[in-house]
Structures are given as C-alpha cells and as structure tokens.
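Notes for the one structure printed next.
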C-alpha cells in the first residue's frame, strides 16, 4: 500500500513560505500545519510573523496558538499533536501542507525521530537542578562538551533546555544527539514527502528580512513584548529567547537602545536564515524553487505541476 503523501513548503524566514502554502492549499484543497517552533505560543504574534486571519486566506491552520509562553514545549509534544492534526485532515479528504522554517519540527513529522520519544523526567530534573545552582549553566554546558563536542559548539550555554536534552539523549541512548539524529534520518518514515524549498539570492533575502523587522516594529513589537512581561512571562523562558523578543527585552531593561535592538534583530535574523538554508541544503529530498522575480501564484503553479507529475508516476 502506498504511503500517504505529505507536502511541505520550507525556506528561510521572510522567503514567502506562508503565502505560497496558503495559495497552494486554496488550489488543491489543503490545510496548513505550521512547523514553526515559536508560532505555537499564544500572544506572540508580531515577532513570530504569525499569519493573521486575513493572511490565512480562509485556509484552516493547525499548530498555532497551542501553548502558553510560560509553559515548556518539546519536539515530541509537537510531533504527537501535529500528527493527530495531519490524520484528521486526511480523514476529511483534505491535503495537509506543512509550512515553516523550523527544520527540526519538519523532520519530526517527516522522519522517524526515535530520539524524541526517549526521555527521563528523573534525569531531566537532576540536570535542571545543576543548571539552577552556582554557575549552573556553565557547568551543564561543560558536561555536554565532554560527551558531545559538536552539540556543545552548536548550542549556547544559555539554551538550557536544549543543552539538557542533548545530555539526556546521550545518557539514554549512549549516542550523541548528532549521531542519533543521523540514525533517525536513515530510517524510513510513515509518509511520502514532497518537500519544496524556496530559494532567494542572499542580498534580496536580507532586504526582505530588514523590511519585515521594520514592519514588526511599526506593528507594535515593543508593546507585544511589554504585554508578555506584564503577564509574567520570564525573560529567561524559552519563548522569550525567540529572535525579536530577547532583543526588545534588552531594550526595555535599558541594556541597549531601541535602534540597537532593531539592528540586532536584523543581524540575528540573517544569521538564522543562513542556518535554515544550511539545514535545507543537507536534505536531499528538497525540490528547490527559485522564488526571486516570481509571484506566489507562479510558484504555486510550478508546485502543482510537479505534484501532478508525481501522481502520474505513482498512480495515486
């Protein structure tokens, strides 16, 4: 029996993924399943570029606004909820379309990702206790560096949640996070994935990023961050470590000016976009689409044509 087909629209931040995914859903009878690690949080709309009801274009969107910013959230929790949404979409004879820039979330749905199912609350609590002690974050990061130097280089010591997760994976599996992820990637998934990646010339993408950051500021990003703080969301929480939020927090705490915060957001977002593209280039499933100079409708026509050819080949 053929595996069900799962379509994914990926690309760097500000590459136009949402518009393409929405128009594709309108064209083929689909629904969007967001794969963005920060759009899951309620009340974080502007800084995450969460699509507004108008931008959603009447297309149902799943995995938005499902977690309070004060709660913790994991890849395994995302996978469980998103897979349930995908099965529900298929049950209604609709086509799920993944859309987002968080590569780990896309992989969590399109690859087996066995490591995300393994956890130990006892071990995690012990590691949290270390983190909360004197020089705890530094000590924890040093522990990771001893067992998994590659992950330690990739993760900042302030990213406590992911540092703990990397240590936990090693303690539970005997493998580093990098090794376990490589094993998972080699395993066969449950879906037949059609992954489309939008590509822009770097200079053009950076211009789009800068414009988006400026639009976020005009839309009230500072007020959004202030409201989150007033609600009791800690500056140390995972949600507040998101790009755009931690920089505005720094400005509100007078560690920098608002102008300096804006520039830091632009630079940080460019770096993030570079990491997103690196992630996608390593994925041999990606069907690259040159987005520069094309409208969203033109890109969708190209995708639909590819999907029709895929149907012809598979006999679906």
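Please treat every number below as a calculation from the coordinates, not as lab data. Note that the structure is a prediction, hence the values are computed from the model and not measured. Methodologically, a virtual Cβ is constructed for each residue, glycine included, from the backbone with ideal geometry; neighbour enumeration extends over all protein chains shown.
Where does each of 133-141, 24-32 land if you order them by average Cβ count within 10 Å, highest first? Before the final figure, lay out the partial values.
Numbers: 133-141: 14.1, 24-32: 19.4.
Put in order of decreasing packing, that is 24-32, 133-141.
Can you tell me which of 264, 242, 125 moves the most in a GNM of the chain? Springs connect C-alpha atoms under 10 Å apart.
125
Relative contact order (percent) for segment 117-182, with alpha-carbon contacts under 8 angstrom and 6 or more residues of separation?
Numbers: 63 pairs, mean separation 20.9, N = 66.
Result for segment 117-182 is 32 percent.
Translational D (Stokes-Einstein, µm²/s) of the chain at 10 °C and 1.306 mPa s when Rh comes from the Kirkwood sum over C-alpha pairs?
Values: Rh = 20.7 Å.
It comes out at roughly 77 µm²/s.
Apply the Debye scattering formula to segment 166-271, with a single equal point scatterer on each alpha-carbon and no solvent, then give log10 I(q)/I(0) at q = 0.14, 0.18, 0.23, 0.24 Å⁻¹.
Each listed q corresponds, in turn, to -0.81, -0.92, -1.09, -1.16.
Just the ratio, please: alpha-carbon radius of gyration of segment 117-182 over 2.2 N^0.38 Å, N its number of residues.
On the way: Rg = 10.8 Å, N = 66, 2.2 N^0.38 = 10.8 Å.
It is 1.00.
Does segment 34-167 come out rounded, prolate or oblate, given a ≥ b ≥ c as the square roots of the eigenvalues of its C-alpha gyration tensor, rounded meaning a/c under 1.5 and, failing that, prolate meaning a/b above b/c?
Here segment 34-167 falls in the prolate category.
How large is the helix-only mean residue ellipticity at 222 nm for the chain, computed as the sum of -39500 (n - 2.57) over DSSP H runs with n ≥ 4, divided by its residue count, in deg cm²/dmol to the nearest 500? Spell out each step's value before the answer.
Values: 14 runs with 174 residues, N = 316.
Using -39500 (n - 2.57) per qualifying helix, the result is -17500 deg cm²/dmol.
Please list 33-41, 218-226 highest first by mean number of surrounding beta-carbon atoms within 10 Å per residue.
33-41, 218-226
Where q = 0.15, 0.23 Å⁻¹, what log10 of I(q)/I(0) comes from the Debye formula for segment 235-313, counting one point per Cα?
Scattering profile of segment 235-313, log10 relative to I(0): -0.75, -1.04.
How big is the gap, in Å, between the Cα center of segment 31-81 and the Cα center of segment 249-316?
Between the Cα centre of segment 31-81 and that of segment 249-316, the gap is 17 Å.
Can you work out the FRET efficiency for the pair residue 123 and residue 52, with r the C-beta to C-beta distance and R0 = 41 Å, to the nearest 0.05?
The calculated FRET efficiency here is 0.50.
Run the paramagnetic zone check for residue 281: 7 angstrom along Cα to Cβ, then residues of segment 152-174 with backbone nitrogen under 12 Å.
It comes to no residues whatsoever.
Among 206, 105, what is the fewest-to-most ranking by other Cβ atoms within 10 Å? Don't skip to the answer; put the middle values down first.
Numbers: 206 19, 105 22.
With the sparsest Cβ surroundings first, the list reads 206, 105.
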